[in-house]
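Okay, structure first, notes after.
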Amino acid sequence: MNTGRSLVARVVRHRTIMALGVLCTLGAAATAEGRAIRMAPAPEDQAPPVVTYASNRGGPRTVSVPIPGTGLVRGKSTLVIDAPIDKVRATVLDFAHYAEFMPHYRKCKMLGRTQAGGHEVYMEVIAINGLVTMWARVEVTKATTVDGVEIHETKFLEGNVKDLRATWRLRKIDDASTEVTLEVFLHPRLPLPDSMINKENLGGSADAVLAVKKRVTGR
């Protein structure tokens with residue numbers, strides 16, 4: 001009888017030790033996991049998030065470019081177009097026809113040359129699902145080339161917005177393909193939350209490069 005009780009006691013003690021061991025292991029793992037979370041970089045130290053706006057493989061890669069000292073970002077989208085750089089450039093600079101193919105543009109027209117050799121352009125765009133119409137007069141500066149990348153910039157001159165800037169970058173991959181990047185920032189005068197302005201700029205850059213691709217390729 002005593003032998004039976006002793007055997008039962010040993011079994012219970014063995015199972016208790018095993019259970020305690022499992023609990024200690026889980027506790028150590030949880031502590032390590034918590035330590036790893038605390039050691040992760042703060043949001044401001046992390047790279048800008050990548051946002052994909054297209055569902056197909058030919059869609060743009062869109063990232064936010066933070067503007068120092070603010071909660072705002074510029075939208076930056078890049079994709080490859082199966083067309084020579086001359087044809088892509090002609091479409092990017094075809095401001096007189098932007099309203100025909102560029103999303104959110106209601107009107108766009110050339111006003112003439114600038115003293116620096118660029119172009120002065122008037123444009124009207126709609127935002128916030130068509131609720132707001134904004135206009136601006138901008139200067140499209142003379143193109144520059146840096147490390148094989150052709151750069152076309154626009155500078156805000158006047159309008160009913162706080163700021164409007166866009167930079168197109170074109171890079172020849174080969175005779176039949178071109179990499180296109182648009183970095184854009186539109187800042188309305190309306191008292192809108194930063195999150196809404198950022199969403200508009202991110203989506204706007206993606207929509208614009210896709211529109212150029214569709215115009216150039218006919219698809």
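Rule-based calculations on the coordinates, nothing more; no lab input. Predicted, not measured: the structure shown is a model, and the values here were computed from it. Here the Cβ is made from the backbone with ideal geometry for all residues, glycine too, and neighbour counts use every protein chain on show.
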Virtual spin-label span in nm between residue 96 and residue 172, 7 Å along Cα→Cβ | 2.6 nm
Under 15 Å from the Cα of residue 107 - aspartates and glutamates, other chains or at least 8 residues apart | 94, 120, 124
When Lys and Arg each count +1 and Asp and Glu each count -1, what net charge do the other residues less than 10 Å away from residue 217, Cβ to Cβ, add up to?
-> +4
Of 87/213; 172/213; 76/213; 87/155; 142/213; 76/199, which sit over 18 Å apart, Cα to Cα?
-> 87/155; 142/213
Listed with the fewest Cβ neighbours within 10 Å leading, 158, 200, 179 appear as 158, 179, 200
Per Stokes-Einstein, at 37 °C and 0.692 mPa s, what whole-number D in µm² s⁻¹ belongs to region 49-217, with the Kirkwood radius over Cα pairs as the hydrodynamic radius?
-> 202 µm²/s
Between region 98-115 and region 194-219, what's the alpha-carbon centroid distance in Å?
-> 16 Å
Per-residue Cβ contact counts at 10 Å, fewest first, order 173, 85 as 173, 85
Using 20 Å as the cut-off for backbone N distance, which residues of region 195-219 belong to the label zone defined by a point 7 Å from the Cα of residue 87 along Cα→Cβ?
-> 208-219
Which of 89, 74, 219, 106 comes first, and how do the rest follow, when ranked by fewest Cβ neighbours within 10 Å?
-> 219, 106, 89, 74
Length added when fully stretched, residue 120-residue 132, from 0.36 nm per residue minus Cα-Cα = 2.0 nm
Under a plain spin-label model, where a point goes 7 Å from the Cα along Cα-to-Cβ, how far apart in nm are residue 113 and residue 194?
-> 4.3 nm
Taking 0.36 nm per residue of separation and subtracting the Cα-Cα distance, what length does fully extending residue 160 through residue 217 add?
-> 17.1 nm
